[in-house]
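The values are calculated or read from the model by the stated rules, or taken from the named source; none is laboratory data. Predicted model only: the values in this text are computed from it and were never measured. All Cβ positions, even for glycine, are placed from backbone atoms using ideal geometry, and neighbour counts span all protein chains on display.
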Amino acid sequence: MHRFRFLLEVDNRLTAHILFWLMYYVYRVYLYIQFYEHTPLVQLIELPVKVGVAYLNLYLWMPYLLRRSRLVSYVLVLMASLLLGTFFQSEIIRLMIYGGIYDMPLSRLYTPPKFMGTLSHLLEALWTTTLIKIIKDAYLREQISQELQKERLEFELNYLKSQVNPHFFFNTLNNLYSLILLKSDQAEEVLLRLSGLMSYMLYETNRDQVSLQKEVEYLQDYIELEKLRFGDELNITFRFETDRQDYLIAPMLFLPFVENAFKHGAGNGPPAWIKIDLRINKGLVYFKVCNNLSEEKFTKTSANKGGIGLKNVRRRLDLLFGPNYTLKAEAHLSEKMFENELCLTLDKPKIPD
């Protein structure tokens with residue numbers, strides 16, 4: 001249907017209307033050319049009344065009566081238009097009979113068969129144009145509905161991918177402040193990494209897809225800043241393998257899992273640990289995040305299936321991939337750990353805009 005959208009533009013609509021009536025005229029000539037010598041001229045002279053009745057219905061009676069649920073008024077006005085149009089058409093035929101281009105006795109002009117025949121020709125033009133109008137309006141409504149749905153989904157996706165924990169930035173700024181007071185050499189590194197994170201969030205995540213390399217760099221900067229926060233209290237490992245670097249991926253797709261791991265894994269007392277494994281081969285993504293879990297947090301985490309953050313992640317994955325992904329989020333009491341495992345397939349690599 002999208003290939004017909006050009007017909008909705010004003011100039012193109014005018015062209016489409018002219019083409020329609022031209023085709024209608026050719027169709028009418030084709031029907032009667034073998035029976036009447038002056039058929040092309042007769043059909044051309046009769047055409048304006050048909051056009052007039054059709055456009056009265058399309059641009060006056062339908063929008064101002066039918067769409068406002070004034071059905072009785074619409075039917076009465078439409079019938080009056082048809083009767084009046086039939087009368088005008090009959091009078092035009094009278095003039096053509098006098099002019100010798102319409103082969104019919106004048107006495108038959110207002111007989112019931114001829115009157116009904118003239119009326120049926122007007123009805124033919126009326127119902128054809130009305131049907132086209134109904135189909136076009138249905139198409140427009142569908143387009144509007146799709147645009148609204150698209151805008152809603154885009155808004156929802158933008159909201160879901162922007163759910164970075166504000167406490168992370170607050171804690172990082174506090175750490176940065178402490179490092180500056182101590183005149184530590186790490187302050188510059190922290191500032192650069194934090195600046196990189198903010199730049200990525202502001203200028204990259206407004207795209208539908210970003211390069212895998214930038215997404216991984218963002219994760220690494222995030223992890224390094226969290227390492228600064230927890231220091232030796234937390235053991236973090238991040239393994240990343242890919243068969244190529246030019247994959248594209250939805251921005252900030254992995255971050256909520258890593259955030260969730262720090263939220264539930266860090267601060268549980270030694271030995272606190274987080275393991276992150278990201279592997280991509282032939283477009284197949286395998287992403288696994290595990291963290292240690294105390295019994296107290298195990299109960300809370302099991303009760304809410306990982307919290308609101310993971311619910312948002314599932315919703316975003318549903319919007320982006322539909323049924324074409326698998327996500328497993330489980331808490332294991334015996335091993336005192338929480339595990340997230342995501343599998344999905346990326347599109348073929350291409351260069352982003």
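Of everything listed in (1) outside any loop (DSSP other than H, G, I, E, B); (2) under 35 Å from the mean Cα position of the chain (by Cα); (3) within 22 Å of residue 343 (Cβ to Cβ), the single unmet condition for residue 253 is (1).
Could you list all residues from the range 21-54 that are β-branched (Val, Ile, Thr), without any contact (Cβ under 8 Å) to a residue 24 or more places away in the chain and over 13 Å from residue 96 (Cα atoms)? Answer for the range 21-54, where residues must be β-branched (Val, Ile, Thr), without any contact (Cβ under 8 Å) to a residue 24 or more places away in the chain and over 13 Å from residue 96 (Cα atoms): 26, 29, 33. Sub-6 Å Cβ pairs linking a first residue in the range 109-120 that is within 14 Å of residue 88 (Cα to Cα) to a second residue that is hydroxyl-bearing (Ser, Thr, Tyr) and surrounded by 12 or more Cβ atoms within 10 Å (Cβ to Cβ), at least 6 apart or interchain, are 109/90; 118/86; 118/90; 119/86, ordered by first then second residue. As a summary of the residue check, residue 34 satisfies the conditions (1) farther than 24 Å from residue 83 by Cα; (2) modelled with pLDDT of 90 or more except for the one numbered (2). Looking only at residues of the range 72-82 that are in contact with a helix residue (DSSP H, G or I) (Cβ under 8 Å, 6 or more places away or on another chain) and not small (Gly, Ala, Ser), we find that the one that is farthest from residue 137 (Cα to Cα) is 82. All of (1) within 14 Å of residue 254 (Cα to Cα); (2) at pLDDT 80 or above; (3) within 29 Å of the chain's Cα centre (by Cα) hold for residue 340 with one exception: (3). Would you call residue 311 over 25 Å from residue 202 (Cβ atoms), in the same structural domain as residue 220 (by TED's automatic domain parsing), modelled with pLDDT under 80 and touching a Gly at 6+ places or on another chain (Cβ under 9 Å)? It is false that residue 311 is over 25 Å from residue 202 (Cβ atoms), in the same structural domain as residue 220 (by TED's automatic domain parsing), modelled with pLDDT under 80 and touching a Gly at 6+ places or on another chain (Cβ under 9 Å).
Residue by residue, here is whether (1) of a type in the set (A, V, I, L, M, F, W, C); (2) under 24 Å from residue 55 (Cβ atoms) holds:
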position: 106; (1), (2): yes, no
position: 109; (1), (2): yes, no
position: 115; (1), (2): yes, yes
position: 118; (1), (2): no, yes
position: 122; (1), (2): yes, yes
position: 129; (1), (2): no, yes
position: 133; (1), (2): no, yes
position: 137; (1), (2): no, yes
position: 142; (1), (2): no, no
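Residues that are of a type in the set (A, V, I, L, M) and surrounded by 13 or more Cβ atoms within 10 Å (Cβ to Cβ) within the range 45-75 comprise 45, 47, 49, 51, 53, 54, 56, 58, 62, 65, 66, 75, listed in sequence order. Hey, residue 100 hits all of (1) surrounded by 15 or more Cβ atoms within 10 Å (Cβ to Cβ); (2) of a type outside the set (Asp, Glu); (3) not in a helix (DSSP H, G or I) but one; which does it fall short on? It is condition (1) that residue 100 fails. When the range 202-246 is filtered for residues that are under 36 Å from the mean Cα position of the chain (by Cα), within 29 Å of residue 293 (Cβ to Cβ) and among the aromatic types (Phe, Trp, Tyr), the ones remaining, listed by number, are 218, 222, 238, 240. Of the listed requirements (1) of a type in the set (Val, Ile, Thr); (2) without any contact (Cβ under 8 Å) to a residue 40 or more places away in the chain; (3) more than 20 Å from residue 21 (Cα to Cα), residue 101 misses just one: (2).
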